[in-house]
Amino acid sequence: MTTTVRSRAMLTLAEVCEELGISRSTFYDWRAKRRAPRCIKLPNGDLRIRRTELDYWLDDREDMA
């Protein structure tokens, strides 16, 4: 059960790109410019993004108009 909950809390790069409607290269470009949500780099080099971090990042970019 813990694994299921944890997997929903941590998104893969593919899941984040799909949700945002961007390519991997765009995500890596944003990351290089420090404009992407904070990531966790796993020992195998894969990236994970916490669901809460992505939600916070999106809220922070919401237009105040």
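What follows draws every value from the coordinates through simple rules; no lab data is involved. What you see is a predicted model, and the numbers here were worked out from it, not measured in a lab. Counting neighbours? That spans all protein chains shown, and the Cβs are built from the backbone with ideal geometry, glycine included.
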Worksheet item: Just the Cα atoms of region 24-65, one point each, no solvent: what log10 I(q)/I(0) does Debye give at q = 0.17, 0.20, 0.30 Å⁻¹?
Response: -0.52, -0.68, -1.12
Fill in: Inter-label distance for residue 33 and residue 12, nm, one decimal - labels placed 7 Å from Cα along Cα-to-Cβ
2.7 nm
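If R0 is 22 Å, what FRET efficiency do you get for residue 41 and residue 61 from their C-beta distance, rounded to 0.05?
After rounding to 0.05, the efficiency reads 0.45.
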Worksheet entry | Efficiency of FRET from Cβ geometry, residue 50 and residue 26, R₀ 25 Å, rounded to 0.05 | 0.80
